[in-house]
Amino acid sequence: MPNGKAASVAGGPAPIAEASFFSFPEGDNPASFRDSLNVGYYSQALGIKASYDDNASLLRTITEWLGTPYRFGSNSKSGTDCSGFVTRVFKEVYGISLVHSSRSMFNHVKRVSKDEMQTGDLVFFRRGPGQPIYHVGIYLKDGKFAHSATNGGVMVSSLQQPYYQRNFYAAGRVNRN
């Protein structure tokens, strides 16, 4: 149809009607359907089994940062280090300002056990007993976390990878109230 106009029928304009392939139960809306589609996208992009109950804002924000190169001392989408990435995500998603240091972040969280970790908790790493914390990431679920690594920038890794399994130190929860 030229210019997006409907062809006329019997000399008059054709009635305009909207059609949808989806019907929404009463009380539901297309936005919630769109959100569930997005959760599917985040699941695939992050390599996790996200559900509609997960924090879509957190998953979306992390997905938008994937592939950002590593840059020591920075916290922008042109380059970021691990704590810079965490500070920016927490500011964007929760409106919380964290310090730009993995060691300082550790001092401002409530420690949680590894089996009690929830999406949005922080995971901390050190190279051995008595060594300082040198790395931080954001726990997603299914044993996966998002972080900015020196060898690839912002990515999702598994806590089961030997390197991260060996260097995992603790998990902590930021008060998000």
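The values are calculated or read from the model by the stated rules, or taken from the named source; none is laboratory data. Computed from a predicted model, the values in this text were never measured in an experiment. A quick note on method: Cβ atoms are made from the backbone with ideal geometry, for glycine too, and the neighbour counts reach across all protein chains shown. Note: areas computed on protein heavy atoms with side chains; ligands, DNA, RNA excluded. Shrake-Rupley method; radii C 1.70, N 1.55, O 1.52, S 1.80 Å.
Among the trypsin sites (Lys or Arg not before Pro) in the stretch 71-177, those placed in a DSSP loop whose Cβ has at most 16 other Cβ atoms within 10 Å are Arg71, Lys77, Arg127, Arg176. Applying 1/(1 + (r/R0)^6) with r as the Cβ-Cβ distance of Ser158 and Glu64 and R0 = 22 angstrom yields a FRET efficiency of 0.55. Computed extension gain for Ala56 through Ser76, at 0.36 nm per residue and net of the alpha carbon distance, reaches 5.1 nm.
Straight Cα distances below 16 angstrom link Lys144 to the lysines Lys49, Lys114, with same-chain residues fewer than 8 positions distant left out. On the accessible surface of the stretch 71-177, probed at 1.4 Å, how many percent belong to carbon and sulfur atoms? Of all accessible area on the stretch 71-177, carbon and sulfur atoms account for 46 percent. Per residue, the stretch 67-150 exposes an accessible area of 47 Å² to a 1.4 Å probe, with every protein chain left in place. The candidates Tyr163, Tyr42, Tyr169, arranged from most to least accessible area with a 1.4 Å probe in the full protein assembly, appear as Tyr163, Tyr169, Tyr42. Each part reduced to its alpha carbon centroid, the stretch 123-161 and the stretch 43-111 end up 12 Å apart. The chymotrypsin sites (Phe, Trp or Tyr not before Pro) of the stretch 58-121 that meet both conditions, a loop assignment by DSSP and at most 12 other Cβ atoms within 10 Å of the site Cβ, are Phe72.
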